[in-house]
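The values are calculated or read from the model by the stated rules, or taken from the named source; none is laboratory data. Everything quoted here is computed from the prediction, not taken from an experiment. With ideal geometry, Cβ positions are generated from the backbone for all residues, glycine too; neighbour counts draw on all protein chains shown. Side chains included, ligands, DNA and RNA excluded: accessible areas come from the protein's heavy atoms. Shrake-Rupley method; radii C 1.70, N 1.55, O 1.52, S 1.80 Å.
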Amino acid sequence: MLSITTQYLARYHALDSGAGAPAVLPVTGAQRRFVLVRSLDPAGRPDLVPMFFAFPRGTVDLERLAAAATRLAALHPVLRARPAVVRGTPVLRVEEPDVPVVRVPRAPGEDAATALRRALGTWDREGPPLRLFLSDEETAPDHEATTDAGREVLAIVLDHTACDGRSLARIVTDLGAAYADGPYAEAPGPADVAAELAAYREAVLLQLDAEERAASPEALAHWGDRLRAVRDQSPAPRPGAPTAGGLPSGSASLVLPATAGGVPFPELLDACRPAARALYGPGHVVPLGYPWGGRPPGAERVLGCFLNTVVFPAATGAAPTCPEVTADAWWDDLDRADVPFDAVVHAARAAGSGWSGRLDGLLTVDDATQRPPLRLAGVEGREVHIDGRPVRGPFAVSVTQGRALHLRMAWDRAVIADDAAREAFDAMADALTGAAATAARTAPPSD
């Protein structure tokens, strides 16, 4: 039987050949996953990736920022492409660059965070994949050292089909450089635009070739066996379901001392087990997802969405967590981590799982040393976090490793009660505190 990727490539190449063929780009397995996730969401919500940067009030020139963002979108095809379905085949249709740059006024009693949450809540999924929003406030929060004039917060927001974590650093760097060139700098030339378009298309086709090779019978059998016991543990949130506290999501965070080399990824995964057990009870196998991968060998460093979502079946047994067992299973999974998500779901269902493909938890890990600051005309913005935004899935855990280890958990209040979520966070934090302490004891001495 032909793999999902093989079938997709055949359909795409049929679209992309012959006179009158539409000018469309192929999509990666990661992009197909976001199409699947959106189709499973009763409200059809898109996955958004926002970055928030705080500047002293009056720093950002919107005209200059709009010109910089438009030049960026003119060069990078994925920043001006819209998902479409042509003859039943998912593709990206490249359009003219269009980057809305919007000043968001605050309603009475609002702060910048509330105004920006409101703006993101009106996201039109048929619009451009990159949008910028700016809001300000008279005074900065007490914990922020800014001028007496307060601050403004710039949100750089992307549809997840247009980016992955490895794209964000380049977007920040390139946007700052384009802003420094001023509002009247020349747009990218036709040759540069054509070269970037060709590089992007080639990178996606290389990625699809890698995904096609990865979906071998042995790899699919591995995932079928690995995920046979997985079931959806939480219902999908109902459209318009009421939420506690007036915000769609709750959050909790903890900062731990950094250790040399950070906490190994399998130990971060293993710390999610007690959280899943607190939320769903013992005796289940909970599907957790995490991004993994990169650009295929030989591909240019293009912007796009290439990181696959790998599924980790977290067993919520009564036994204590065991990082060594998790690590062994994780290494086996990594040998098959390039199998695209939709093929993994199909393999699990073929093996007898009733899993729909929804993830009950997400884990992302960032290296703070790889995230450059946003500089606008010499002024460095400080990246900030805005809580309370809609979260994809019942709960999501993010870990930032750098000078400290910052653990954050967000949860969907339409699915999980605050008390249950905080109990789960505490269980995960306890496990992670133990892992961090172990790493500190076993780390070699520094020079």
query: Bin by bin, in steps of 10 Å, what percent of the Cα pairs in the stretch 20-122 do you find, going until the bin that has the longest distance?
result: 11, 32, 34, 18, 4, 0
- prompt: So what's the chain giving for Cα Rg divided by 2.2 N^0.38 Å, two decimals?
  reply: 0.99
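What does the charge add up to near Ala351, with Lys and Arg as +1, Asp and Glu as -1, over the other residues with Cβ less than 11 Å from its Cβ? Please report the intermediate quantities before stating the final value.
Values: positive: Arg226, Arg228, Arg349; negative: Asp225.
It works out to a net charge of +2.
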query: How high is the relative contact order of the chain, in percent, with contacts defined as C-alpha pairs under 8 Å that are six or more residues apart?
result: 22 percent
- prompt: Cα convex hull of the stretch 341-413: how many Å³ per residue?
  reply: 144 Å³
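Helix hunt in the chain: which complete DSSP H runs extend at least 30 Å axially by C-alpha with mean Kyte-Doolittle at least -1.0? Intermediate values should be presented prior to the final figure.
Numbers: long enough: 190-214 (36 Å, 0.06); 418-442 (36 Å, -0.03).
Span-like helices in the chain: 190-214, 418-442.
Assigning unit charges at the beta carbon (Lys, Arg +1; Asp, Glu -1) and nothing else, what dipole magnitude in debye, to the nearest 20, does the chain show about its Cα centre?
Working: 44 positive and 56 negative charges, 198 e Å.
Result for the chain is approximately 940 debye, rounded to the nearest 20.
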Derived scalar couplings ³J(HN,Hα) [the stretch 297-305; Karplus, 6.51 cos²θ - 1.76 cosθ + 1.60; whole Hz; x for Gly, Pro]: x, x, 7, 5, 7, 7, 6, x, 10
- request: Using the heavy atoms of the protein chains and a 1.4 angstrom probe, tell me the accessible area per residue for the stretch 4-210 in square angstrom.
  value: 42 Å²
task: Per DSSP H run of at least 4 residues, take -39500 (n - 2.57); add these up for the chain, divide by its residues and hand me the 222 nm value, nearest 500 deg cm²/dmol.
output: -11500 deg cm²/dmol
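Output the direction-averaged projected area (hull surface divided by four) of the convex hull of the alpha-carbon atoms of the stretch 282-430, in nm². Kindly include the intermediate steps, with their values, before the conclusion.
Details: hull surface 49.3 nm².
Taking a quarter of the hull surface, the average projection is 12.3 nm².
So, with a 1.4 angstrom probe, what is the percent of accessible area on the stretch 1-87 that is carbon and sulfur?
Details: 2010 of 3410 Å².
Ligands and nucleic acids excluded, carbon and sulfur reach 59 percent.
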- request: Report, by chain and number, residues whose modeled amide H sits under 5 Å from the one on Val104, excluding near sequence neighbours (fewer than 5 apart, same chain).
  value: Leu134, Ser135
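Kirkwood hydrodynamic radius of the stretch 4-210 from all distinct Cα pairs, in Å?
So the Kirkwood estimate lands at 18.7 Å.
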task: Enter the accessible area per residue of the stretch 216-442 (Å², integer; probe 1.4 Å; all protein chains in place).
output: 44 Å²
- prompt: So how much slack lies between Ala191 and Glu110, counting 0.36 nm per residue of separation and subtracting their Cα-Cα distance, in nm?
  reply: 24.5 nm
- line: With T = 37 °C, eta = 0.692 mPa s and Kirkwood Rh from C-alpha pairs, the Stokes-Einstein D of the stretch 249-298 in µm²/s is about 233 µm²/s
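Restricting to Cα pairs below 8 Å that are 6+ residues apart, what does the relative contact order work out to for the stretch 216-442? Please round to a whole percent. Don't skip to the answer; put the middle values down first.
On the way: 374 pairs, mean separation 83.6, N = 227.
That works out to 37 percent.
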statement: Which residues qualify? For Gly289, with a placed amide H closer than 5 Å and at least 5 residues away or on another chain, they are Phe312, Gly361, Leu362, Leu363
